[in-house]
Amino acid sequence: MSEQVRIVEVGPRDGLQNEKTPVGVEERVAFIEALLAAGLHTVEIGAFVSPKAIPQMVGSDEVLRRFSSRTDGEFHVLVPNEKGYEAARAASAKVIAVFASASEGFSRANINCSVAESIERFKPVVARAKSDGIEVRGYVSCVLGCPYDGEIKPQAVIDVAKILWDLGCYEISLGDTIGVGTPMKARELLRAVAGHVPMASLAMHFHDTYGQALANLYAGMEEGARVIDSAAGGLGGCPYAPGATGNVATEDVVYMLEGMGIATGVDMAKLVEATNEISKLIGRPPLSRVAAALNAR
Ligand code: HMG
Ligand code: MG
């Protein structure tokens, strides 16, 4: 495989949204700067969600204002409804992400509504974004299993992915929210969804709870997927996905891709520096195997 892969760094959002130690605006800005300096280009930097639900993301408006006019990166923020949309637009968002679930149980727990209701909430958000010239990415969570509903059929993922795609999302990110997937299942899922949304517009957002994320990514790449969501240091998790741990670590993804002859443009030493710095702030060592290996040298 010698093609290009696009990495969407989600550490400043997914990575920090579940951390017990709150990370302030200035520290988040410094983390994002360090990620950009390491060569990452597309970074999810915050969420315009209820401060009661996710206090860790308070100040996302301030964070976004620091980056929205920058041209050295692409900055994404999560938006669950019109209220969030208005705040994101006021902070000059250029790319937002709406987030739905393939399962009813997670939808209820995460955003307090059914999957169908969530789609109704997203419709005006996507329509307004389009008329305001803001691009919209769409997430589908629990694509390989749900902490509440158990196994999820590919058809449930297809249904939601297709709705988001038809609404006008430019890319659909498939979230293995609790990291239960295994390679053949990931591969089958990508093949199934790619029958309805172009493979080039599918992203793999795999959490690494069971240590399967890299294998699942590789399986997805064999199927043709070329967009990977990852978080520096393997940070991440969702408070509404009990037991789930972090996203696949960006260092581990970069190491695998570079080893396969796929250039990422990422400076590993600088990325590990960014990871070490944020790990110090949250008070625990990085989960990334590559960071651990390089730090031990
Ligand atoms: P709700 O309680 O049903 O909303 O929450 P509501 O409309 O009834 O409003 C309740 C209160 O929230 C009101 O305030 C609203 O103003 C406020 P009060 O009058 O009580 O003071 N509110 C807001 N405040 C700020 N920004 C907003 C907003 N909307 C309402 N946008 C809601 C529904 C969706 C808001 C809530 O459940 C929520 O914020 N959930 C977010 C959960 C979240 O962020 N989860 C993590 C991200 S998803 C994820 O991690 C998965 C992903 O990584 C992919 C994967 O791994 O699968 C993306
Ligand atoms: Mg996630």
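The values are calculated or read from the model by the stated rules, or taken from the named source; none is laboratory data. What you see is a predicted model; the values in this text were computed from it and never measured. Cβ atoms come from the backbone with ideal geometry, glycine included; neighbour counts cover every protein chain shown.
Within 26 Å of LEU287 (Cα to Cα) and more than 19 Å from the chain's Cα centre (by Cα), is that true of LYS130? Taking the combined requirement at face value, the residue does not satisfy it. Can you tell me which residues in the stretch 42-66 are part of a loop (DSSP other than H, G, I, E, B), of a type outside the set (A, V, I, L, M, F, W, C) and surrounded by 17 or more Cβ atoms within 10 Å (Cβ to Cβ)? Correct list: GLY59 only. Listed by position, the helices (runs of 4 or more DSSP H) contained in the stretch 133-231 that have at least 2 residues being within 16 Å of ligand 1 (Cβ to nearest atom) and in contact with a strand residue (DSSP E or B) (Cβ under 6 Å, 6 or more places away or on another chain) are 154-167, 213-223.
Within the stretch 16-56, the set of residues being modelled with pLDDT of 95 or more, within 21 Å of LEU174 (Cα to Cα) and not charged (D, E, K, R) comprises LEU16, GLN17, LEU40, HIS41, THR42, VAL43, ILE45, GLY46, ALA47, PHE48, VAL49. Looking at ALA109, ALA91, ALA127, ALA100 in this structure, which one is surrounded by fewer than 23 Cβ atoms within 10 Å (Cβ to Cβ) and within 16 Å of ligand 2 (Cβ to nearest atom)? Exactly one residue qualifies, and that residue is ALA109. Scanning the stretch 160-173 for residues that are at negative phi and touching a residue at least 24 places away in the same chain (Cβ under 8 Å) returns VAL160, ALA161, LYS162, ILE163, LEU164, TRP165, LEU167, CYS169, TYR170, GLU171, ILE172, SER173. The number of residues in the stretch 232-244 being more than 10 Å from ligand 2 (Cβ to nearest atom) and not in a helix (DSSP H, G or I) comes to 5. Of the residues in the stretch 1-31, how many are touching a Lys or Arg at 6+ places or on another chain (Cβ under 8 Å) and either in a loop (DSSP other than H, G, I, E, B) or farther than 14 Å from ILE282 by Cα (or both)? Going through the stretch 1-31 one residue at a time, the tally reaches 6. In the set ALA116, ALA200, only one residue is surrounded by fewer than 16 Cβ atoms within 10 Å (Cβ to Cβ), away from ligand 2 (no atom under 16 Å from the Cβ), under 21 Å from GLN4 (Cβ atoms) and not charged (D, E, K, R); that residue is ALA200. When SER69, SER92 are checked against the criterion of being at positive phi, in a loop (DSSP other than H, G, I, E, B) and not charged (D, E, K, R), a single residue qualifies: SER92. As a summary of the residue check, GLU86 satisfies the conditions (1) at pLDDT 95 or above; (2) crowded, with 16+ Cβ neighbours inside 10 Å except for the one numbered (2). Those residues that are surrounded by fewer than 22 Cβ atoms within 10 Å (Cβ to Cβ) and among the polar types (S, T, N, Q), I need them from the stretch 231-263; list them, please. The one that is surrounded by fewer than 22 Cβ atoms within 10 Å (Cβ to Cβ) and among the polar types (S, T, N, Q): THR245.
A count restricted to the stretch 41-72 and to residues that are within 16 Å of the chain's Cα centre (by Cα), more than 28 Å from GLU117 (Cβ to Cβ) and more than 16 Å from ligand 2 (Cβ to nearest atom) stands at 1. Restricting attention to the stretch 173-197 and to residues that are crowded, with 19+ Cβ neighbours inside 10 Å, β-branched (Val, Ile, Thr) and closer than 24 Å to PRO242 by Cα, the residue that is farthest from ligand 2 (Cβ to nearest atom) turns out to be VAL180. Checking each residue in the stretch 1-39 for being within 16 Å of ligand 2 (Cβ to nearest atom) and among the β-branched types (Val, Ile, Thr) picks out ILE7, VAL8, VAL10. A Cβ distance below 9 Å, combined with a sequence gap of six or more or placement on separate chains, defines the contacts here; from the stretch 125-148, residues that are farther than 15 Å from VAL115 by Cβ reach residues that are modelled with pLDDT under 95 and surrounded by fewer than 21 Cβ atoms within 10 Å (Cβ to Cβ) in the pairs PRO147/PRO242; PRO147/GLY243.
For the criterion of being of a type in the set (A, V, I, L, M) and more than 13 Å from ligand 1 (Cβ to nearest atom), VAL248 fails.
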